[in-house]
Amino acid sequence: MLQVPPSHKTYFMDLPLARLHILETGRGAPLIMVPATISELENWLPLAQFMGQWFHVYFFELPGHGQSEPLREPFSSQSVAQLIEQLADRLGFRRFSLMGFSFGGILAMQTFKRLSPRIDRVVFIAPCLDHRALPFSSFRLSVLYKFNRFLSDPKIQEYFCDLIHNEFTVSLVVRLLQKLGHLENTKPLRKKLLHTAPSTISVLNAQIHEILTAEFEVTPVKHQTPCYFAMSVYDPLLRFDITLNVVYNHFENVKSVPLFYPFHQPPGAFTYDELNRNFYKTVDDFMGLSV
């Protein structure tokens with residue numbers, strides 16, 4: 001266990017589908033960390049450095065988020081999987097591992113389905129993998145579907161941007177989103193919405209659609225790729241039992257780590273020391289599994 005976090009650097013990389021803002025840290029076999037919604041480099045640095053004890057880690061801000069440019073085609077998990085393939089090819093990785101948290105679970109699974117022969121290991125942290133794991137009533141789901149369709153109109157997106165960029169109305173929007181989607185930890189969300197670019201709204205709308213419809217075809221034979229799965233049994237946004245079942249339906253070799261946090265996303269990012277204290281042993285055990 002490294003007492004001092006590994007050094008890191010950030011830079012931009014131009015790829016055919018988008019220009020990405022990238023964080024790089026650690027040493028070892030390559031790991032591409034797939035971001036969640038509205039993820040920025042500084043929020044993920046401790047986790048990237050923690051994983052950098054075993055891997056040479058690459059994390060990027062999603063196209064249309066942070067300082068990454070929007071995709072040069074409509075946003076979809078399939079297009080992000082293609083983008084990750086371009087990133088791995090540009091970096092010269094014949095093989096690499098994947099890690100995804102929350103919405104990043106959809107992106108990591110989509111990438112795995114596209115590139116499974118090249119993937120050494122998969123790490124899922126509280127992943128969104130199937131719409132049936134959403135703990136919402138049929139009425140709430142119906143409202144979310146309608147809101148998602150409503151927000152798909154470019155003119156509505158412009159109006160929505162005006163609302164979230166206003167100090168007075170952004171709080172109303174946050175309360176609405178919290179009511180509709182059981183969102184937690186809304187203070188950081190309010191701060192981010194105030195500075196969210198119009199292009200990001202379109203991406204967020206596409207992401208909501210994918211969350212509401214996510215479902216991956218199960219292959220006749222389970223994948224032998226080692227898979228690490230960690231999630232709270234009390235997760236308020238996704239059902240633990242359904243999500244774990246999805247993972248076991250796809251992967252034969254699973255290291256499952258049930259957690260007992262009362263949240264989906266920590267109120268504040270775990271520090272490097274906290275991650276070492278709480279997760280080092282389970283990740284190190286996972287690394288002992290044969291590929």
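The values are calculated or read from the model by the stated rules, or taken from the named source; none is laboratory data. Everything numeric in this text was worked out from a predicted model, so none of it was measured. Cβ sites come from the backbone with ideal geometry, for glycine too, and all protein chains shown count toward neighbours. The accessibility values were calculated without ligands, DNA or RNA, using every heavy atom of the protein model including side chains. Shrake-Rupley method; radii C 1.70, N 1.55, O 1.52, S 1.80 Å.
Couple of notes before you dig in:
- Taken about its Cα centre, the stretch 1-95 carries a charge dipole of roughly 340 debye when the Cβ of each Lys and Arg holds +1 and the Cβ of each Asp and Glu holds -1.
- The apolar share of the surface of the stretch 185-270, taken as the fraction of accessible area on carbon and sulfur atoms (1.4 Å probe, ligands and nucleic acids excluded), comes to 58 percent.
- For Gly28, neighbours were defined as the other residues whose beta-carbon sits under 13 Å from its Cβ, and their charges (Lys and Arg +1, Asp and Glu -1) total 0.
- Of the whole protein surface, Leu289 contributes about 50 Å² of accessible area at a 1.4 Å probe radius.
- Site pair Glu252 and Glu215 shows an inter-label distance of 2.7 nm when each label is modelled 7 Å from Cα along Cα→Cβ.
- Interchain or long-range residues, amide H under 5 Å from Phe55's placed H: Arg27
- Working value for the chain: equivalent-ellipsoid semi-axes of 29, 22, 20 Å, each the square root of 5 times a Cα gyration tensor eigenvalue, largest first.
- Under a model in which nothing but the beta-carbon of Lys, Arg (+1) and Asp, Glu (-1) is charged, the chain shows a dipole of about 180 debye around its Cα centre.
- Cβ-based charge dipole, the chain, positive-most Cα from Leu71, Pro266, Leu194: Pro266
- Within the chain, DSSP assigns beta bridges of which about 30% are antiparallel (rounded to the nearest 5).
- Per residue of the chain, the DSSP helices (runs of n ≥ 4 H) give a summed -39500 (n - 2.57) that works out to -13500 deg cm²/dmol at 222 nm.
- Tensor-based shape of the stretch 52-133 (alpha-carbon gyration tensor, a/c under 1.5 rounded, otherwise prolate or oblate): rounded
- Relative intensity of the stretch 1-144 on a log10 scale, I(q)/I(0) at q = 0.08 Å⁻¹, equals -0.22, per a Debye sum over C-alpha point scatterers of equal strength in the absence of solvent.
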